[in-house]
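K.L.:
Structure incoming, see below.
Values quoted throughout were computed directly from the atomic coordinates according to the rules given, and no laboratory measurement underlies them. Note that the coordinates shown come from a computational prediction; the quantities given were computed from them, not determined experimentally. Here Cβ is always computed from backbone atoms with ideal geometry, including for glycine, and neighbour counts include all displayed protein chains.
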Amino acid sequence: MNRFDKAQQIFNDIINTQEYFDSFSAEEVRKKLFEALNSKNIFLIFLTGDPGVGKTFMLSYVKEKIQKRRNIIFFKDPFFTKEEFFKKLIYKRLGEYETNLNYGELKEKTIQLYQNIENAIFIDEAQILTDEQLELIRILSDTKLFKFVLSMHYKERRKILKSDYFKSRFHADINLKPLQTSEVSRYIQSKLLNNSLGEISSMFEERHFEMIANFTQRNFRMLKRYMSTLFELLSYAHDNNLKEYQKINKKLLTMAAIDLGLIDVK
């Protein structure tokens, strides 16, 4: 494995909450989420943002930080029936699935199990919730036994917030934004330096970071994919002794963008 292979690996698109990056927007969102979760009056929290800005990571990070003092149930996708929803909540408390109860009995048992406990339900990709699911969330939030954090695409939030289920209810609307251009540079350099790859970090100039920020639109997910692709190209050049492509330059940065379809070459 050459040094570029190692650099490629550290930009794999996986969720590791130990690698929280304190961008301006992430810090603002983190604080607002904690405040809303600790509020006695807020039971509906909407975490919005464009695809790839880091909403799933933020939910995972917050869950890890508060799960010792609050009961957290995390639905990573909203593909569930009303019955399945309650069965999962019951399983979370008892460690076993109920198979013989009807919907009304499942609901009643769930409410009994979650009395006198601080509970929060995180639902990712909430923009695809059905009307039936939204009504279920409204009913449960009205019991004040559960706080709901619904993560959704920014463009979809208006439709959900204006729905009859939520438009008259007090809620928190928290938006996670893309990285700033200066944060793209800081993120890349910190990842490389923290993994003893200072030699590679020194290959980048400020103009390179500006190009990367423009290509990726400062989107976290795309940035990681881009850097992984860039180091894959560098690794190939290293293994095949292509000296022209073993350094960071405009041509190589553009090739990585073309590989990911970020540039239309037609």
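K.L.:
What are the pairs with Cβ atoms under 9 angstrom where one residue, in the range 89-105, is over 27 Å from Gln67 (Cα atoms) and the other, located anywhere, is part of a helix (DSSP H, G or I) and charged (D, E, K, R)? Sequence gap at least six, or different chains.
P.N.:
Thr99/Lys87; Leu101/Glu83; Leu101/Lys87; Leu101/Glu108; Leu101/Lys109; Asn102/Glu83; Tyr103/Lys82; Tyr103/Glu83
K.L.:
Take the range 209-229 and flag every residue that is in contact (Cβ under 8 Å) with a residue 40 or more places away in the chain and either loosely packed, with under 15 Cβ neighbours inside 10 Å or assigned to a helix (DSSP H, G or I) (or both).
P.N.:
Within the range 209-229, Met211, Ile212, Phe215, Thr216, Phe220, Arg221, Met222, Leu223, Lys224, Arg225, Met227, Ser228 qualify.
K.L.:
If you check Leu140, Leu193, Leu150, Leu134, which single one turns out to be within 28 Å of Gln8 (Cα to Cα), aliphatic (A, V, I, L, M) and not in a loop (DSSP other than H, G, I, E, B)?
P.N.:
Leu193
K.L.:
Restricting the search to the range 76-128, which residues are of a type in the set (Ser, Thr, Tyr) and more than 26 Å from the chain's Cα centre (by Cα)?
P.N.:
Of everything in the range 76-128, those that are of a type in the set (Ser, Thr, Tyr) and more than 26 Å from the chain's Cα centre (by Cα) turn out to be Tyr97, Thr99, Tyr103, Thr110, Tyr114.
K.L.:
Does Ser168 qualify as being outside any helix (DSSP H, G or I), touching a helix residue (DSSP H, G or I) at 6+ places or on another chain (Cβ under 6 Å) and either touching a residue at least 12 places away in the same chain (Cβ under 8 Å) or loosely packed, with under 14 Cβ neighbours inside 10 Å (or both)?
P.N.:
Considered against the rule, which asks whether it is outside any helix (DSSP H, G or I), touching a helix residue (DSSP H, G or I) at 6+ places or on another chain (Cβ under 6 Å) and either touching a residue at least 12 places away in the same chain (Cβ under 8 Å) or loosely packed, with under 14 Cβ neighbours inside 10 Å (or both), Ser168 comes out as no.
K.L.:
While we're on this one: Kindly evaluate Ile117 against the criterion of being surrounded by fewer than 19 Cβ atoms within 10 Å (Cβ to Cβ), in contact (Cβ under 8 Å) with a residue 40 or more places away in the chain, more than 18 Å from Thr56 (Cβ to Cβ) and not charged (D, E, K, R).
P.N.:
In short, yes.
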